[in-house]
1. May I ask for log10 I(q)/I(0) of chain B at q = 0.06, 0.07, 0.12 Å⁻¹, from a Debye sum over the Cα atoms as equal point scatterers with solvent left out?
2. What translational diffusion coefficient, in µm²/s and rounded to a whole number, does the Stokes-Einstein relation yield for the range A:465-678 at 20 °C and a viscosity of 1.002 mPa s, taking the hydrodynamic radius as the Kirkwood radius over Cα pairs?
3. Within 10 Å of each Cβ of B:109-122, how many other protein chain Cβ atoms are there on average?
4. How tilted is helix A:65-76 with respect to the longest principal axis of chain A? Cα atoms for both, answer in degrees (0 to 90, nearest 10).
5. If R₀ is 51 angstrom, what is the calculated FRET efficiency for the pair A:Arg404 and A:Arg647, using the beta carbon separation as r and rounding to 0.05?
6. Just from its helices, what would the mean residue ellipticity at 222 nm be for chain B, if runs of 4 or more DSSP H residues each count -39500 (n - 2.57) and the sum is divided by every residue, rounded to the nearest 500 deg cm²/dmol?
7. Based only on Cα atoms, what Rg/Rh ratio does the range B:196-258 have, Rh being taken as Kirkwood's radius?
8. Treat each spin label as a single point 7 Å out from the Cα along the C-beta direction, and report the B:Lys230 to A:Leu320 distance in nm.
Amino acid sequence: MLDALLLVPWLASIASMSPETRGEFETLVAPFLSAHCLDCHTGPKAKAKLDLAAISKSPTALGSPKLWAEMAQRVRSGEMPPAKRPRPPAAEQAAFVDWLERAGASALVRARDPLLRRLTRYEYERTVRDVLGVEFDARSLLPPDEVAGSFDNNGAAQGMSDALLERYLLAAEDVAAAAFLDPDATGPVRERMRGAELYRGPGGKADGDTYVLFSNGSTALRRELPRPGEYVLRARVYGRQAGAEPCKAALIVDGHPLQLFDVAATKSGPVVIETSAAVGGGSHAFGIAFLNDFFDAAAKDPAQRDRNLHVEWLEVEGPLDAPRHASFQARFALGKPNARRVLDELLLRLWRRPPSAQELDELTLLAARAPTVEAGLRAACAVALASPHFLLRIEPDSPGGRRRKLDGYEIATRLSYFLWSSAPDDELLGLAAKGLLEQDGGLRTQVPRMLRDARASALSENFAEQWLGLRRLDSFAPDPTRFADWTKELASAARAETLALFECVLRENRPVRELLLPGFAFVNADLARLYGWNHVEGEMLRRVRVEDARRGGLLGQAAILALTSNPTRTSPVKRGKFVLEALLGAPTPPPPPGVGDLDEDDAPGKARGLREKLELHRKDAACATCHDRLDPPGFALERYDAIGAWRERENGLPIDAAGELGSRRFDGPEELARLIADDPGFVRNLAEKLAGYALGRALAPADAAELRAWLDAQGRRELRLSDLIEAVVSMDAFRHRIGEQKAP
Amino acid sequence: MKLLPRRALLRSGSCALALPLLDAMLPGMSRVPGHAGPPARLLWVYVPNGMRVDKLAPSAAGPLKELPATLKPLGALAAQATLLRGLAQDRGRANGDGPGDHARACANYLTGVQPLKAPDGRLGVGVSADQLAARTLGVSTRRASLALGCEPTVPGGQCDSGYPCAYSSNLSWISPTVPALKEYDPRAVFDHLFREGRGEETPEQRAARWKARASVVDLVRAQARRLEGKLSSADRARLDEYQGGLASLERRIQLALGGEADAVPDELRPKGIPTDAREHVDLLFDLLALAFETDCTRVATFLVGNEGSNRSYAAIGVPEGHHDLSHHGKELDKLDKLARIDHYHVERLTRFLERLDRAREGDASLLDRTLVCFGSGLEDGNRHNHEDLPTLVVGGRALGHGGGRVLVSERETPLCNLHVALLEKAGVACDRIGDSSQALPL
């Protein structure tokens, strides 16, 4: 595994190490290595293939600062030296770790900035909403983004393929159509299609003048709407009735049912059913679905054998409400828009920089070829949205890849995609134009404003959701025979609870430790019932006071507890891994080759409790190194079952929820939460996660060292998310572009 | 030679499907030396978590007389099938990278390259065999290739011991860092193949959309070109991907391939993702057959489940998760259930093969011009081993594949030797794929 770490393209330069640092190597590091490391890590049979013998003689023998960082992390966490070896004195250990981290940082080490980053699906949706005022469901067209590390905005995994580009074109066409409406197309339209003309999907066919749905299915007509608005969908229908109930039908838009109807009418007296809905602009499919097909070949009465739904016609009418322009178009609603001027403004916002004269000329020319100004703007807007300048976040390298300061527009873009997952607004663009964002003050004053803005919810919806792994909740399917309480609704309330806590800590500027110990919880009736409370009603989440630390914080939330469980039972190993990796940033190596996954079901002997089974496994020294660290936090959380309900016993046996985190003892989840909240590793990890998310790449040791220096300078001050965000935006790496360089 | 528009024929027939391809319909570039007439097709079908090789294949080389239990569903088609023994994926093994055999098995299967396990989650494998084939076989079809699967990519950073989820979720790799977009919703597959990405649109609406595209592509291509000089070589790679996508669109605009497949009627458009797993597999196989029949694409991959998938097979009385079961610990009950899962997969495959076998194309069946490789990148899910991989090749009689036999290769013969052989039979010259050493004498 360490081999893989060496592959990371850091540019290391040992020569840049200061004389003091080298001096300390002799007095401090070499003695520590020989006392605590070399027994196992020497020669061809060195453990983990890590031979430190040469290194202990000279620091320059150690090639990769990344390796130093890894060693520092393992010694700091107490994983090394292993438990069976004598403990180094705490002061020596701290000095050793400190040296490794300082030396690692001073020996450069900056990562180059990532490959061109592409807008993620979430960023795409937010950007067109904020810039153009178009509500666009990106999930209907764009595929999910691949993830590298923890986040999908990491440039390392953002490939572009033929198929993806085609989706971007489709999306551009849809968004542009909704963004610029014809001024005269705002009046109502009415389009009726006879049954025989309707779209023929599976389960139906034309039957005379009608369209008959002979099995469960739907038919539809597609219409390009002049604008978003309120539309009526109407159909004249009757049923061929059979069986115990009348025909059931639904009027649908784009496959989503709007309203259900019982259609008892027969051929002799068709009925009109109708409903209305707010529909976005662009092209939509309006349809009708037949929901309760019935066929009984054995029925005595031949007329009672088959139930079908006949559609005589289907009609769309609207929009019925007053015209509303998408917000960008509304800026120019008065007077006759000048296409060039509109495009200048449009490109500035979509491309996050002023367009060149040539770029503007080309699109103006394209727009001029259309029959109306609006049609021209639609065509040009589609080009702007399909352009590499929109889809990719372009930051050119300086010649030779030298580190360079970002310009104002580039900083505005980094800032807005970090805090809002969206494009810079007019204020940011204005400051960028004046050159005020390159200065420290200009940038700092923007952060508080941006965090107060509604758009900052992206930090919970996008950052926190990925940090905590909540996207996997959709695929968590606990065994329904054991966990009947777990429903789709409960899952979505559980997800909402976790995000609500993050949002609250952000908006109310609370200390980040309150993510673990808030003293309140966000619950609705379902969640409250799961948590054993009976005084909360309704579907909406509400904030309730919590007296103890069992609930409210991340470790007492159903979403987190379910995500770290197996379908049939809890998994202390997965929960321990979550605590160490997601909360404390202490990655646990996967099991070494030749050792399978720890199969908790398949324990030797006749152990009865889960904990007892795991303890037996840990008798194996090969497993113990990691699992001694990994399992205990999971034991504390054994007080919660696989979907987060409280329990005192497992299989009739009392639960032993005591253990150690590092060298600190705890008993039960409340004490564990307190230990984590007090652990400097928690804040540090959160800062590093935010930085990785902001930069769109894995952090280099130099980045981590810069963050740590900032954190150290804060003393014992209680830190808030806004503090951590400020630390991230003041990072050297956030304000500079480091290009591709040849190693010296 | 005047090229006949295929669309005209599709429209004129009362039955829109399974039309014979006439020579005049084939643009010259699709003809490959030694393969006059209708084109060759290639398909790889992948099953996760290994198979019961003991129930799948006799160990001795020679004619395939008695069908092993798992292959019983093949019936008469066995005469067109070759069972392969002894193929291995050396780059699927740890080779110092630690655990993660599921991720490696899948990422390596068609690339023959050891996938990169990097701490920052970067992707890195190789270009897959199907994509290499598509560069030749896909130049004149509506879609150069098609990637299908029954499950979406798992959202998250890691799926198997430090490997990104992309590895165990994708067979087909356009480049070492970009997997082909895998479709799993049958309706989206249909729209992608036959409706330019959007169903429920009239042919006129589609034609107008397609026409407007030409100017969009022209302009953004000019923008991308001007960017070239400003970017470093690493950043250029991403821009190249973007330009590659544009080039493929332009190709289709020039060949006037857009909006052409209206002849595949709406009746065949699926409603969405069936809740029943069997229906889902069958529907995707049906669309694949339709794509081959209408010559919409000639190269495809089908990942029946993500590697390491823990889906249950309740429909055949196996409620346990597939991955959990595959760690069978030699328990008879689990082994029996695994055999049932394998049998079920072969049944679904056979249903598809029979359809290709019935479809006539000139003097042969569609199956005669299609090479189907069915297998897994793990032998035994319990041991996570990558040698003697369960592998079956069916079809391609007109391409020189005989069948009806067991072909035992020397131990440790690279699986990629088979891929090279499949490409060669399909008329695609190919020196090497990943760790291949030569073409397997298939």
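Every number here is computed from the coordinates shown, using simple stated rules; none is lab data. Nothing here was measured: the structure is a model prediction, and the numbers come from that model. Ideal geometry is used to build each Cβ from the backbone, glycine not excepted, and the neighbour counts take in all protein chains shown.
1. For chain B at q = 0.06, 0.07, 0.12 Å⁻¹, log10 I(q)/I(0) is -0.25, -0.34, -1.03.
2. Here the translational diffusion coefficient equals 121 µm²/s.
3. 5
4. Computed tilt is about 80 degrees.
5. Result of the calculation: an efficiency of 0.35.
6. -10500 deg cm²/dmol
7. 1.09
8. 4.9 nm
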